Amino acid sequence: MTMVYKNCIVCGKKFVAIKDNKTCSKKCAKRRHRNLVHNHYLAHKKARLQYQRDRKRNRKKELVRLLGNSCFNHMKNFNCSLEATEHNLSVFDFHHKNPNEKERNAEWMRNDFDISKVILLCSNCHRLEHLEY
């Protein structure tokens, strides 16, 4: 029986080929796998980031629509009538009525988010709401 030798595709070292091995050791196999995963990540990075951006924008657009499409300012002596459009969604914030019920910063991205806990405020009104003298 003759032995078949191959060169390791990671380090180039000669090894006895068993089945269809491409690497000489587990260490080289792990390094190859890590490189394959990293290359896959780099190849799909832009598409994944674009998908996440679109998903976040669509989720915020839906929640803004459900909350009335305008700033809900209930402060005294200040009238804000900013309406939400396709181009100014980033101006709006979700203000928790009860700060103790807030779980984390991006909880509104979850599908089970309870919109009755929040009101829609524009950025300026939201800062005024949290202003402490």
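The values are calculated or read from the model by the stated rules, or taken from the named source; none is laboratory data. None of these values were measured; they are calculated from a predicted model. Positions of Cβ are generated from backbone atoms using ideal geometry, with glycine treated the same way; all protein chains shown enter the neighbour counts.
Only residues that are part of a helix (DSSP H, G or I) and either in the same structural domain as Lys61 (by TED's automatic domain parsing) or surrounded by 15 or more Cβ atoms within 10 Å (Cβ to Cβ) (or both): list them for region 109-124, please. Let's see the steps before the verdict.
The first filter runs over region 109-124 and keeps only residues part of a helix (DSSP H, G or I), leaving 109, 115-117, 123-124.
Listed by number, the residues that qualify are Lys117, Asn124.
Would you kindly identify the strands (runs of 3 or more DSSP E) lying entirely within region 1-105 that contain at least 1 residues that are in contact with a Leu (Cβ under 8 Å, 6 or more places away or on another chain)?
Filter on region 1-105 gives 92-96.
For a quick check of your reading of the model, give me the residue pairs whose first member lies in region 9-22 and is not assigned by TED's automatic domain parsing to the domain that holds His33, whose second is part of a loop (DSSP other than H, G, I, E, B) and at pLDDT 90 or above, with beta-carbon atoms closer than 7 Å and at least 6 apart or on different chains.
No pair meets every condition.
Looking at region 109-133, which of its residues are of a type in the set (A, V, I, L, M) and either under 15 Å from Leu63 (Cβ atoms) or free of Cβ contacts under 8 Å to residues at least 12 places away in the same chain (or both)?
Restricting attention to region 109-133, the residues satisfying the condition of being of a type in the set (A, V, I, L, M) are 109, 115, 118-121, 128, 131.
Of everything in region 109-133, those that are of a type in the set (A, V, I, L, M) and either under 15 Å from Leu63 (Cβ atoms) or free of Cβ contacts under 8 Å to residues at least 12 places away in the same chain (or both) turn out to be Met109, Ile115, Val118, Ile119, Leu120, Leu121, Leu131.
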